[in-house]
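Working notes, structure below.
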Amino acid sequence: MAAPSPLPPAFEAWFSGRGWSVRPHQLALLEEARAGRSTLLVAPTGAGKTLAGFLPSLVELAEREGRHDGLHTLYISPLKALAVDIARNLEAPVHEMALPITIETRTGDTSAAKRTRQIQRPPDILLTTPEQLALLVSHRDAAPFFSNLRRIVLDELHALVTSKRGDLLALDLARLKALAPQVSAVGLSATVREPADLQRYLGGAGTPAGLVTVAGGAKPRIGILDTERNLPIAGHTTLHAMAEVYQAIRTHKLTLVFVNTRMQAEFAFQALWNLNDDNLPIALHHGSLDAQQRRKVEAAMADGRLKAVVCTATLDLGIDWGDVDLVVNLGAPKGASRLIQRIGRSNHRMDEPSEALLVPSNRFELLECRAALEAVHEAAQDTPPPRIGALDVLAQHVLGVACSDGFEADALYEEVRTASPYADLTREDFDAVVNFVATGGYALKSYERFAKLRQDKAGLWRASNARVIQQYRMNVGTIVEATMLKVRLGRARAGRPGQPGMITRGGRVLGEIEEYFAETMVAGDTFVFAGEVLRFEGIVENEAVCSRASPGTDPKIPSYDGGKFPLSTFLAARVRAILASPSLWHTLPEEVSAWLHAQKRISRLPQPGELLVETFPRGGRFYLAAYPFEGRLAHQTLGMLLTRRLERARMRPLGFVCNDYGMACWTLGDMTAAIARGALDLDELFSQDMLGDDLEDWMAESALMKRTFRSCAIIGGLIERRFPGQEKSGRQVTISTDLVYDVLRRHEPDHILLKAARADAATGLLDIRRLGEMLTRISGRIVHQPLDHVSPLGVSVMLEIGREAVYGEAADEILAEAEAMLTEEAMA
Amino acid sequence: MTVAAAMLAKRPGATNEAFMLGRLALVPDLSGALWLPEERTLVVADLHLEKGSAYAARGVMLPPYDSTATLVALGHAIRRHQPARVIALGDSFHDRDAENRLAPETRATLSLMQQGRDWLWITGNHDPAISRAMGGESAAEIVLAGVALRHEPAASESEYEIAGHLHPAAKVRMRGRAIRRRCFAMSARRCVMPAMGAYAGGLNLRDAAFRPLFREGLSAHLLGDGRLFRIDPRLLLPD
């Protein structure tokens, strides 16, 4: 007798009606689900991951007698748009099989009435985002709402777990498992280096989920563009290659052109339109554009009305907007996993190869593209190590739990530790977090009477009043956006000398830019935005007022945010290996191998495991160039700390620059001579103890550290988020987290929130962990090369000068320079 | 010699000396206080004591050390100048209930500072009445050598005044980096002092509120880490 089909007849018929057969991994997930086990599905794009994730739920719901009581399946996606898209895709089989299953989404766009109804009468399947899940879990009816939950489907899990959102989601998963012990979870993921990390995340710290792997489909066809024109020695524009990129767009159906930053997106979009003699429909898509404009582009893609879209990470994740047959990556991919993800956007059928073209913008980036290409062919990944759960996120979660049913401290501590990022959380830290949420957790106990959490008679911690709950609901989530300014068209009229001119607004809003970017501009600066060259006029309230620049104006792009994705450690090691192996260079473009040979002749090649430091004079100043290959963020921290030390060594440092590969700083003192006579010791200069007192001193005033603290203070619920329209109303003086940081640091340096901020700094904007690892690695292995002039590698770092010069942060020096600009008029 | 003056002596090119407001000599202090040497008087503005606990009462648990931090800064200024009189230029207490929330130790520190010298609380919009329990005297304003000292600037064109209330701060950008600091805003008639309170924050000098006060000119003296800096107002940026 033949084994009975694992699928109900309706499903069998539906599959065969499409000429499909159910795939082995889909059946495997069905079996795992029937056994009540959580499972991680690792599969390449196009393997039918989503259907595999939902199939067990659909079968179970189809086979039930009568209605399921309450919510059956919860789906979580990192993007609202993806949740909506999946809901639509899921409607098709449900409709075609006429299954009595209700499917709904719950996002920020869902109306209040529908939200209330969803709590009272939940659908069978609900699709939502981590933030909305946090709100549901903190709802006072969370326990009955989730009591019958059977399945959780987590999409794009590899992308979710790498940030604080992943910490929050892990805590909410732990909560769901406590509310619904019968629930099992399935995680859908692209290929990752360590599936075991995700299995632990999904199943819980002590009970890792099972694993189902689908072997990768056809190998992608990836090329590195070999341009007619020579590859520039520095720069990030890829302008030299635009004609060839344009040709590639012409010969394909739909091309996605990925870039790393918004500014690059703007630049590439404009460059392509300058070449667009055929008037091809080429569009732009990035996070600062007006949402409506983005929706239009997405719709046009889906309808096949576009030929190419220039985009940033906003299109990285798995939404199918159209039939993409070529992916172009402008600039270096910065990480192998990101590249694999982007390439997967092309050709969503597993058995056909994706096609991709890498376009390096300078010679270093060519080496990086090479390294990434090899990594992709070996399917090697550089996913970061699993996170250690952030304490500010835990604080938010603790408040959330207190807002729903309340908690017993011992039980919540045990529950939290089942979330893998928090497996090693100490009881001391947990208690400190609870105290922080309740009364601020200060050594000085003066806020007891204002406590936000109080223990009831049964010992349960609960929110003290309705306002606390309201505050929590307004501030949920872990994404703290940089302050954004609207970009509005307007005009400036000249004012009297010494008085600002009048700026008139009234034009339309083109999108948003980061406040710090607007701050780097002065009136008259031109930049590219929303595909046009704009002239910056000034900031009025919370808007950056700009006018259209006269036709033919060259944009001046004063800021390049290349640091958004620092070079991954994994790719860095591969780039170093290429540099150290001249036998491989014959495969490189001629100008690149000539550049490396020149470096070998004039200076030396940095060998793996050592740090090459060059010193040379130039234009009356003295330079030091080092090549750690640790990414821009770590180099920036290194530069800040080195300039402090050079100051103490009386070398009179003036500034430094860095890129992903190296850093250069310059001084008035002759470093080559000082090293020669023993007055400056490189081993001491680069010794690990710079991460001690020097770092502490610098963090006291570092703007980056203050930004990090601000984000922890918002996520942890110390201060409230500011919402658009709320800020800068008249002359209202808002409380500044910088003031809070100063006071807290001085009076309670071990406070839990400072601990959270320091932990962030180790991996975030300051990348201290990576810098520390580098300093350990090169200790005693610094090779000094004195030179008469700059080396070929050095040029490519030095050319960053003027593009993104970063100076030491000594405020007084900057103020003194401003003071020196005092004119005679003003003195009068 | 004051710390600021000592700093000036060491740094040629520094612009901060004593300023004359009518007949009254003023020496701005790095702490944000103003030293009147001839009157042996130290003036401080906008201490906003217990602002932290005022937020805590609304569920925003700011670190409860702001009153201590503010009084430490004030204590340093007092030790430097040994004034015979201290004048607090209004908004010394963040709200009417602040006096009651002051920790006993903080109250004791304040008493200690008041010993052996005159102490005058000028009233402000946040603290329109100050109880006797806080020591010293209180008044709506006082005139010294023809200069009125009051909380809110009166914007009169015909008198000299020293005021607080506005919390002046200034922002300047150099070499791609913006720096925002508290500052003294001065003209030939008027000095608006920076707020000394640890959580007091600052209002940008480019704000319209300053315009009617400085029609005849403005000089901005920013509080640096080691000294004061006089910055050309045309270099000042809005927030």
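Computed from the coordinates by the stated procedures, all read-outs in this text should not be read as laboratory data. Everything numeric in this text was worked out from a predicted model, so none of it was measured. For neighbour counting, all protein chains shown are included, and Cβ atoms are generated from backbone atoms with ideal geometry for every residue, glycine included.
Structural remarks
- Label-to-label distance, A:Glu65 versus A:Thr107, with points set 7 angstrom from Cα along the beta-carbon direction: 3.9 nm.
- Dipole of the protein assembly as shown computed with +1 at Lys/Arg Cβ and -1 at Asp/Glu Cβ about the Cα centre; of A:Ile578, A:Ala458, A:Val487, farthest Cα towards the positive end is A:Val487.
- Ordering of B:192-205, B:97-110 by burial proxy (mean other Cβ atoms within 10 Å per residue, highest first): B:192-205, B:97-110
- Against the main long axis of the alpha-carbon atoms of chain A, helix A:569-579 sits at an angle near 40°.
- Across peptide A:438-445, the mean count of Cβ atoms from other chains lying within 10 Å of each residue's own Cβ comes to 4.
- Approximating the spin labels as points 7 Å out from Cα along Cα→Cβ, the A:Glu194-to-A:Ser687 distance works out to 3.2 nm.
- Mean partner shielding of peptide B:224-234, defined as the number of other chain Cβ atoms within 10 Å of each residue Cβ, is 6.
- Acute angle (nearest 10 degrees) that the helix A:49-63 long axis makes with the longest principal axis of chain A, alpha-carbon atoms: 20 degrees
- Amide proton proximity set for A:Val186, modelled H, under 5 Å, gap of 5+: A:Thr39, A:Ile152, A:Val153, A:Leu154
- Here the translational diffusion coefficient of the stretch A:9-213 follows from Stokes-Einstein with Rh set to the Kirkwood radius across Cα pairs; for 37 °C and 0.692 mPa s it amounts to 192 µm²/s.
- q = 0.05, 0.10 Å⁻¹: log10 I(q)/I(0) that the Debye formula gives for the protein assembly as shown, counting C-alpha atoms only: -0.37, -1.40
- Label-point gap, in nm, between A:Asp405 and A:Arg117 - each point 7 angstrom along Cα→Cβ: 2.8 nm
- Listed peptides A:356-362, B:230-236 by packing density, highest first (mean Cβ within 10 Å): A:356-362, B:230-236
- Length gained on full extension, A:Asn465 to A:Asp812: 120.3 nm, using 0.36 nm per residue less the C-alpha separation.
- Note on A:532-539: average number of Cβ atoms from other chains within 10 Å of each residue's Cβ is 1.
- Taking max minus min of the alpha-carbon positions on each principal axis, the stretch A:221-377 gives extents of 38, 37, 28 Å, largest first.
- FRET efficiency, B:Ser156 to A:Glu720 (Cβ-Cβ, R0 60 Å, nearest 0.05): 0.95
- Residues A:Val509 and A:Asp277, FRET efficiency given R0 of 35 Å [Cβ-Cβ distance, rounded to 0.05]: 0.65
- Here the alpha carbons of the stretch B:18-237 define both size measures, Rg and Dmax, at 16.7, 51 Å.
- Computed from Cα atoms, the angle from the helix B:66-81 axis to the main principal axis of chain B rounds to 60 degrees.
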